[in-house]
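For reference, the structure discussed in these notes is given below.
The values are calculated or read from the model by the stated rules, or taken from the named source; none is laboratory data. Predicted model only: the values in this text are computed from it and were never measured. Reconstructed Cβ throughout: ideal geometry from the backbone, glycine too, with neighbour counts over all protein chains shown. For the accessible areas, the whole protein counts, side chains as well, though only heavy atoms, and no ligand, DNA or RNA atoms are used. Shrake-Rupley method; radii C 1.70, N 1.55, O 1.52, S 1.80 Å.
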Amino acid sequence: MYIYHSEQNEEAYRIRRLVENEKGKLSSKNIKLCKEYALDIFGNKKYTPWLMTYCAYSHEFKEGWIPDNYYGEYVVPALNGEYGTVCNRALVINKLLNDKNSTDIGYYINNLFLSTSNEVLDVEAFKKLLFENNVKVVFKIENSLQGKGIYFFDEKSFDVNYIKQLGNGVFQSFIKQHSFFNQFNDSAVATIRLTSVCKDDGAIEVRAGYFRFGRTGDTHVLSSRQMRIPINIKNGTLLDVAFYPKSESTKRLPDNDIDFAGMELPLFSHCVSEIKRMHSLIPFIQCIGWDIIIDKNNNLKVIELNGGHNGITFNEMVQGPCFKGLGWEKLYKI
């Protein structure tokens, strides 16, 4: 775990330097509060750097913040464990959620081509399944992260040998997003990232969220190029600041001139209620990051789920504490 904490705290310090360049140095008083809180609440000073990064952004100390390295060390294993990896298995999670608006068409798993009903198909039958209603399909390999492991195929470029080299994955229909999102970028499908939790009494709550989109010419959203705007989780409106991939903030978008502050995401309340409904079907995965979008027909489409270390630093820094009152700070004592 030494390397894990070292890398985490190096990243926390990198972001803190950016924040302090924009907002000014963290005060000695708040540095002291962060150190004391890390030791008193989480039992170790190694959780201080993320607390200082959050504090540098907000200019005040707030009780209830969760350091990201603590989240990865204690929260994810305790709340999700091995069951969290189910989110990376498209065939399994689609069955569990029974998502009526799923974009899944078929799967390549362990050298088999499968329909969504688990029927094993030969190559020609599978190819027909993919392209009888689709000009272009998306293939996502399992365990893909940060926009990597995503490929696009049409009937001509579909190459069985190449797909087998890529490994297990899911074929999905190409999403045509709601016109609202085309204002920000029309070459890559945008993503609404919402984080939901299952409380100890089984109640599902959506606690954090942000809107992310690609840059001009991108075919899909890449973490290395994405823009992010925090969402007011109570009403689905966008905050007045956007962030580059390395966490530099801006009031103006680089590729277009949109006055985005206060803009309301389409069908946001429906998104929240649907996520609560779906999460209630898999309550044993207690914290999930949902990547979703609304399509041109006003349907919610689930792009992917993350039941592992789904990243809380952005929301904790900009809007946190987002997970206060859940008792996560006590998990290291169990």
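Taking the square roots of five times each eigenvalue of the Cα gyration tensor of the chain, the equivalent ellipsoid has semi-axes of 36, 23, 18 Å, listed largest first.
Over the chain, accessible surface divided per residue gives 47 Å², non-protein components excluded, 1.4 Å probe.
Can you classify region 132-213 as rounded, prolate or oblate using the Cα gyration tensor, where a ≥ b ≥ c are the square roots of its eigenvalues, rounded means a/c under 1.5, and otherwise it's prolate if a/b beats b/c and oblate if not? It is oblate, given that a/c is not under 1.5 and a/b is not larger than b/c.
Straight-line cross-link reach from K330 at under 18 Å between alpha-carbon atoms covers these lysines, not counting any fewer than eight positions away in the same chain: K35, K45, K46, K62, K199.
Ignoring ligands, DNA and RNA, what percent of the 1.4 Å accessible area of the chain is carbon and sulfur? Provide the component values of the computation, followed by the final result.
Values: 7590 of 15800 Å².
Heavy-atom surface of the chain belonging to carbon and sulfur, 1.4 Å probe: 48 percent.
Ranked by the mean number of other Cβ atoms within 10 Å of their residues, highest first, the peptides 99-110, 298-309, 23-34, 66-77 come out as 66-77, 298-309, 99-110, 23-34. Past 18 Å, Cα to Cα: identify those pairs from K100/K296; K95/K128; K140/K246, in the order given. Result: K95/K128; K140/K246 exceed 18 Å.
Out of region 223-277, which trypsin sites (Lys or Arg not before Pro) are coil in DSSP terms and have no more than 11 other C-beta atoms within 10 Å?
On the way: sites: R225, R228, K234, K246, K251, R252, K276, R277; in loops: R225, K234, K246, K251, R252.
Passing sites in region 223-277 are K234, K246, K251, R252.
What dipole magnitude, in Debye to the nearest 20, does the chain give about its Cα centre under +1 on Lys/Arg Cβ and -1 on Asp/Glu Cβ? Let's see the in-between values first.
Values: 40 positive and 39 negative charges, 133 e Å.
Taking the Cα centre of the chain as origin, the dipole is about 640 debye.
Taking the helices alone, the chain has a mean residue ellipticity at 222 nm of -8500 deg cm²/dmol, built from -39,500 (n - 2.57) per DSSP H run of at least 4 residues and averaged over all its residues. Annotation note: chymotrypsin sites (Phe, Trp or Tyr not before Pro) in region 202-297 located in DSSP loop regions with a Cβ neighbour count of at most 14 within 10 Å are F284. For region 169-213, the set of trypsin sites (Lys or Arg not before Pro) satisfying both a DSSP loop assignment and a count of at most 14 other C-beta atoms within 10 Å is given as K176, K199. Note on N143 and A203: the model spin-label points, each 7 Å out from Cα along the C-beta direction, lie 3.8 nm apart.
Does region 147-263 come out rounded, prolate or oblate, given a ≥ b ≥ c as the square roots of the eigenvalues of its C-alpha gyration tensor, rounded meaning a/c under 1.5 and, failing that, prolate meaning a/b above b/c? Please list the in-between numbers first.
On the way: a/c = 2.26, a/b = 1.34, b/c = 1.69.
In terms of gyration-tensor shape, oblate.
How would you rank 150-157, 214-221, highest first, on the average number of other Cβ atoms within 10 Å across their residues? Intermediate values should be presented prior to the final figure.
Working: 150-157: 13.8, 214-221: 17.0.
The peptides rank, most packed first, as 214-221, 150-157.
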